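See below for the structure under consideration.
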Amino acid sequence: MRTAYSVEMVRTAERELMARLPEGALMQRAAAGLAAACAGVLRRVAGRVYGGRVVLLVGSGDNGGDALYAGARLAGRGAGVTAVLLTPERAHGGGLAALRRAGGRVAEPGSAGELIARADLVVDGIVGIGGKGGLREEAVPLADAAARSRAAVVAVDLPSGVDADTGQVRGAAVRADLTVTFGAHKAGLLVDPAREYAGSVRLVDIGLPLPAEAAELEALQHADVARLLPAPGAESDKYRRGVVGIAAGSARYPGAAVLAVAGALRGGAGAVRYVGPAGDAVIARYPETLVSDQGPKRAGRVQAWVVGPGAGDDAGTVAEVLAAEVPVLIDADGLRLADAEAVRGRTAPTLMTPHAGEAAALLGVSREEVEGARLASARELAGRYGATVLLKGSTTVVAGAEGGPVRVNATGTSWLATAGSGDVLSGLAGSLLAAGLSARDAGSAGAYLHGLAGRFAADGAPTGAHDVAGAIPGAWRDVRGVRN
């Protein structure tokens, strides 16, 4: 599992480690890892390290020191390294001396544009993880010049101008091709919009003592999801494996019911019950579905419900499902129709799966505010409703009703931005709920499989929601390490 920590936690761990190490040792560890990564980039873009043209954008403090020491190592290998000092009087003294001893040069910000235009590599050491808000005015032209150039851009620890704790970008920021981060991932490297600025991320282990239970974010990997996925035992039958109820669709949106059922049938539960006006469409496509037109209360036993996809204005069905004493997933129209007090009053787990627009409506803010502060928005919704919240989007995040680390999904693809894709995810995650997973695990594993299925279905080309549903078994096998 990949974990990310708050700036405060990272700083505390750094102080504890520095107290046990010789002075400057921790910075040298970071600089060595940064220099190795930069050397790899130079070999890729320039064919070699020797003779490569490197420009360091150096701010004050330790972030600039990391860049200067790494630049000294590159200069020692024959690269032409020039440091542009934004605040010369506050530049890291030891790093600057090391760069000069290795043959590196120093330039004023006024000459940076021409240097950057000719560079093979630009190293962003302007602001460290403690920075708040966008870039300061004097740094913006440097970030713009780097963006216009053909140089590869490597950020030191975090792209300057993004918020390490929240992933927010409140102004101009550096766009990196690679971010080399030290000791631990930071939330802003895993969550959009900041993630978009980070490029690829490489973690350099510098020995920070960080306990897993103190993480702010978690990103599941294949092995983590494989441990969560239900597998039938020798004594299993369809009821022991779980039955998921789908209350979805309407005369106007029958396809939502079909797609939710498609996801549910591939989600690990033993059976799927459908309740709603799209029964004929569902049976025509999936004859194994157990269909009822008598409402949720009379549908028969289920271990979890999915309510809302394509529901139109059927508030009665939503209320009936919320009154059930089993886990419930609320999506799409169900989010609009659900009574907030009824959600908060539930004793069984609740999983809400809004996209940014739906979350904005529930929070009473603009969509842009939600998209710019995905972590805060998911946490706020979870707190307000006493529910686990899966906030869909460019970075899907899952915030638990009980607090704790927010889970970030690493498998998403922009090809999933297609009509009906969310209905498939609802059915899939609802089926995992019925199979016995917690709301947090069902949402996390469902998003992971859904993202992976989207990648498999698209394979670099447009795809539809039905194709995504059809690719879920392949994603499941891939996660479990099962070969065809």
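Which of the three applies to the stretch 32-119, rounded, prolate or oblate, going by the alpha-carbon gyration tensor with a ≥ b ≥ c and a/c under 1.5 meaning rounded?
Details: a/c = 1.85, a/b = 1.31, b/c = 1.41.
Here the stretch 32-119 falls in the oblate category.
GLY161: net charge of surrounding residues, Cβ under 11 Å, Lys/Arg +1, Asp/Glu -1, itself excluded? Provide the component values of the computation, followed by the final result.
Values: positive: LYS132, ARG136, ARG170, ARG175; negative: ASP124, ASP163.
Every neighbour counted, the sum reads +2.
What does the net charge come to around GLY310 if you take all other residues with beta carbon closer than 13 Å to its beta carbon, with K and R at +1 and D and E at -1?
Numbers: positive: ARG252, ARG336; negative: ASP313, ASP314, ASP331, ASP333, ASP423.
Here the charged neighbours net out to -3.
Of the solvent-accessible surface of the stretch 128-276, computed with a 1.4 Å probe over protein heavy atoms with every protein chain present, carbon and sulfur atoms account for 46 percent.
Give me the accessible area per residue for the stretch 409-482, probe 1.4 Å, as a whole number in Å².
Numbers: 2380 Å² over 74 residues.
With all protein chains present, the stretch 409-482 gives 32 Å² per residue.
Can you give the net charge of the other residues whose Cβ lies under 10 Å from the Cβ of VAL370, counting K and R as +1 and D and E as -1? Write out the running numbers ahead of the final one.
Values: positive: ARG367, ARG374; negative: GLU358, GLU368, GLU369, GLU371, GLU380.
Summing Lys and Arg as +1 and Asp and Glu as -1 gives -3.
The lysine pair count for the chain, using Cα distances under 28 Å and pairs eight or more places apart or on different chains, is 4. Over the stretch 295-359, accessible surface divided per residue gives 39 Å², non-protein components excluded, 1.4 Å probe.
With both residues required to sit in the chain, DSSP beta bridges show an antiparallel share near 15%.
Counting only DSSP H runs of at least 4 residues, each contributing -39500 (n - 2.57), and dividing by the residue count of the chain, the helix-based mean residue ellipticity at 222 nm comes to -12500 deg cm²/dmol.
Of the accessible area of the stretch 348-461, with the probe set at 1.4 angstrom, what percent is carbon plus sulfur? Don't jump to the answer; show the numbers that get you there.
Values: 1790 of 3530 Å².
Here it works out to 51 percent.
Restricting the GluC sites (Glu not before Pro) of the stretch 1-110 to loop positions (DSSP other than H, G, I, E, B) with no more than 12 neighbouring Cβ atoms within 10 Å leaves GLU23. Overall, the stretch 1-146 carries a charge dipole of about 640 debye about its Cα centre when +1 sits on the Cβ of Lys and Arg and -1 on the Cβ of Asp and Glu, all other atoms neutral. Relative to the longest principal axis of the Cα atoms of the chain, the long axis of helix 374-385 makes an angle of roughly 40 degrees.
Placing unit charges on C-beta atoms (Lys and Arg positive, Asp and Glu negative, everything else neutral), compute the dipole magnitude of the chain about its Cα centre in debye, rounded to 20. Please report the intermediate quantities before stating the final value.
Details: 50 positive and 49 negative charges, 286 e Å.
Rounded to the nearest 20 debye, it is 1380 debye.
Between the residues ALA32, THR350, VAL482, the greatest Cα displacement towards the positive end of the dipole of the chain, with unit charges on the Cβ of Lys, Arg, Asp and Glu, is found for ALA32.
Hey, quick one: spin label on ALA19, modelled 7 Å out along Cα-Cβ, who in the stretch 182-212 has an amide N within reach, i.e. under 15 Å? Output list for this probe position: 209-210. The charge dipole of the stretch 139-192, taken about its Cα centre with unit charges on the Cβ of Lys, Arg, Asp and Glu (plus for the first two, minus for the last two), comes to roughly 180 debye. For the stretch 82-200, the solvent-accessible area works out to 40 Å² per residue, with a probe of 1.4 Å and every protein chain left in place. As a length-normalised measure over Cα pairs under 8 Å and 6 or more apart, the relative contact order of the chain settles at 12 percent.
Given (i) 22.6; (ii) 28.7; (iii) 24.0 as candidate values of Kirkwood radius over Cα pairs in Å, which corresponds to the one derived from the coordinates? This structure yields the entry labelled (iii). Per-residue Karplus couplings for the stretch 319-328, computed as 6.51 cos²θ - 1.76 cosθ + 1.60 with θ equal to phi - 60°, are listed in order as 4, 5, 5, 4, 7, 5, 9, 10, x, 10 Hz, Gly and Pro entered as x. Label positions at GLU138 and ASP293, each projected 7 Å from the Cα along the C-beta direction, are separated by 7.5 nm.
The values are calculated or read from the model by the stated rules, or taken from the named source; none is laboratory data. The structure presented is a predicted model; accordingly, all values stated were derived computationally and were not measured. Using ideal geometry, Cβ is built from the backbone for each residue, glycine included, and neighbour counts are taken over all protein chains shown. When the accessible area is computed, the model is the full protein with side chains, heavy atoms only, and any ligands, DNA or RNA have been set aside. Shrake-Rupley method; radii C 1.70, N 1.55, O 1.52, S 1.80 Å.
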